[in-house]
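Notes to accompany the following structure.
The values are calculated or read from the model by the stated rules, or taken from the named source; none is laboratory data. As the structure is a computational prediction, the values presented were derived from the model and not from experiment. Here Cβ is always computed from backbone atoms with ideal geometry, including for glycine, and neighbour counts include all displayed protein chains. Side chains are part of the model used for accessible areas, which takes the heavy atoms of the whole protein and leaves out ligands, DNA and RNA. Shrake-Rupley method; radii C 1.70, N 1.55, O 1.52, S 1.80 Å.
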Amino acid sequence: MSILTRRSFLGTVAAAGGLTALQKVAGADRSKSDPSPVNAGLDTQNPDSTWPPVTDSKSLVPTFKYPFSFANKRAYEGGWSREVTVRELPVSKSLAGVNMRLVAGGVRELHWHTSGEWAIMLYGTARITAIDSDGKSFVADVKKDDLWFFPSGIPHSIQGLNPDGCEFLLVFDDGDFSESETVLLSDSIAHLPTQILAQNFGVTEQALQNIGRKELFIFPVAVPGALEDDQKTAAGALGKSPKDFAFRTMETPPTKQTKGGEVRIVDSRNFKVATTAMAMVTVHPGGLRELHWHPNADEWQYYISGKGRMTVVATGNKARTMDFEEGDVGYVQKTLLHYIQNTGDRDLVFLEMFKTDRFQEFSFSEWLAHTPAELVMAHLNIYKTTYDAIPKNGAVILPLS
């Protein structure tokens, strides 16, 4: 009988169920049995947690995965939002994420944050508005894969456009950040006396008698007209902002591209206003995001499509492998060695996010290739021909050719 792989073994057990199935698998290791009740769906999605590879340590690295599917949705007429913070993923201390959907016309009400807001469009189209620190207006339409960044304190809004609104991911540069702690226009109005508002706006109290006093957060209004009309209306006396808070990701060529996939790096070098750095990684089937680490910041991940597995090697002779698919959040602490392997039959696409304005990484192979050969050969017990084959310029995505 052919030797079973760990993954096919798990699939056989999940399909047939329990100890009975194990007994039918000739030569199965009886120590790998689980006759008690199991969640077969989750076990099948997480084979490297159910039966970890032998290279993982018995002393575990803290969990570095949380699916957005577990996050509670805040639903409104006009859209919904859900978040993953340090509350859901304790290791994620430097960054937090919000997934939001707005129907056509749905508005994420005028607001600002105590943290910087980085965003990527996942679906549809939206209109974003803001004013810069000089009070000048910014209005832009964004589509799938476009980015925006609003520094802390910059007031802004987001609205879904025709035909079906939008969905996007927000990343905030504080792991404790919660979307519910945003400074909203409606919340501000609710806590200010009408007399003060009237004096501030230079109108009578009567003019404000119908002003809203309840939180809006997300609410529906008419779909806006052409972008040019909004720009003219919003510009005001101070005019249009010279700052571009949006970035067209797919209009720039890949930073690096190989037979195994590609990566697009966006940071303050090409997106001037951003203080959060991003790498959008595509790994083709059979490909590998090479072994590497980041010296300057923790890595917050979001998986857009496909399936993958990641091993993180931690200090103290520890390692852990976990499986990921679309909608999952991953996290790797600064300086820890890791790789991401495509385990599916289609492209694996994911984001790497960093609380820093510059993307930095060390390639494991590049490090060894630029260390004296005799030293590396003595450590790894390899021949010179093997040493010479190690890629000398960080591959990012393998294979190279």
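Annotations for the structure displayed:
- Once C-alpha pairs closer than 8 Å and six or more residues apart are averaged by separation and normalised to the residue number of the chain, the relative contact order reads 16 percent.
- Centre separation in Å (Cα based) which lies between segment 246-300 and segment 158-202: 30
- Net charge in the neighbourhood of SER81 (other residues with Cβ under 9 Å of its Cβ; Lys, Arg +1, Asp, Glu -1) is +3.
- Contour excess over end-to-end distance, with Cα ends at SER57 and SER69 and 0.36 nm allotted per residue: 1.5 nm
- Rolling a 1.4 Å probe over the protein heavy atoms gives segment 71-169 an accessible area of 34 Å² per residue.
- Label-point separation, ASP134 to TRP80 (7 Å along Cα→Cβ), nm: 4.3
- In this rough spin-label picture, where each label sits 7 Å from Cα along the Cβ direction, the THR204-LYS256 distance is 6.8 nm.
- Here's the list of lysines a cross-link from LYS214 could span, going by alpha-carbon distance under 23 Å and ignoring same-chain residues fewer than 8 apart: LYS73.
- Rounded to the nearest Hz, the phi-derived 3J(HN,Hα) couplings of segment 327-336 under the Karplus curve 6.51 cos²θ - 1.76 cosθ + 1.60 (θ = phi - 60°) are x, 8, 10, x, 8, 10, 5, 3, 6, 7, where x marks glycine and proline.
- Packing rank of 182-191, 100-109, where each peptide gets the mean count of other beta carbons within 10 Å, highest leading: 100-109, 182-191
- Under 12 Å, Cβ to Cβ, from SER152 - net charge with Lys/Arg +1 and Asp/Glu -1: -3
- Theoretical ellipticity at 222 nm over the chain - DSSP helices of four or more residues, -39500 (n - 2.57) apiece, nearest 500: -4500 deg cm²/dmol
- In straight-distance terms, cross-link reach from LYS136 covers every one of the aspartates and glutamates whose alpha-carbon lies under 13 Å from its own, apart from those fewer than eight places away in the same chain; here that gives ASP244.
- Listed values [x] 46, 26, 18; [y] 46, 23, 20; [z] 38, 24, 17 include one computed from this model; for semi-axes √(5λ) of the Cα gyration tensor in Å that value carries the label [x].
- Gaussian network model of the chain, springs between alpha carbon atoms under 10 Å - residue of THR255, THR275, THR204 with greatest fluctuation: THR204
- Contact order relative to length of segment 184-293, as percent, for alpha carbon pairs under 8 angstrom and 6 or more apart: 15
- Rough spin-label spacing in nm, given labels placed 7 Å along Cα→Cβ, for ASN162 and ASP29: 6.1
- Applying 1/(1 + (r/R0)^6) with r as the Cβ-Cβ distance of LEU375 and THR315 and R0 = 35 angstrom yields a FRET efficiency of 0.95.
- Using θ = phi - 60° in the Karplus curve 6.51 cos²θ - 1.76 cosθ + 1.60, the 3J(HN,Hα) couplings for segment 348-354 round to 9, 10, 8, 9, 10, 10, 9 Hz; x is entered for Gly and Pro.
- Under 27 Å from LYS334, Cα to Cα: lysines that are on another chain or at least 8 residues apart: LYS58, LYS65, LYS93, LYS256, LYS272, LYS307, LYS318, LYS355, LYS392
- Taking 0.36 nm per residue of separation and subtracting the Cα-Cα distance, full extension of the segment from TYR387 to VAL221 would add 53.4 nm.
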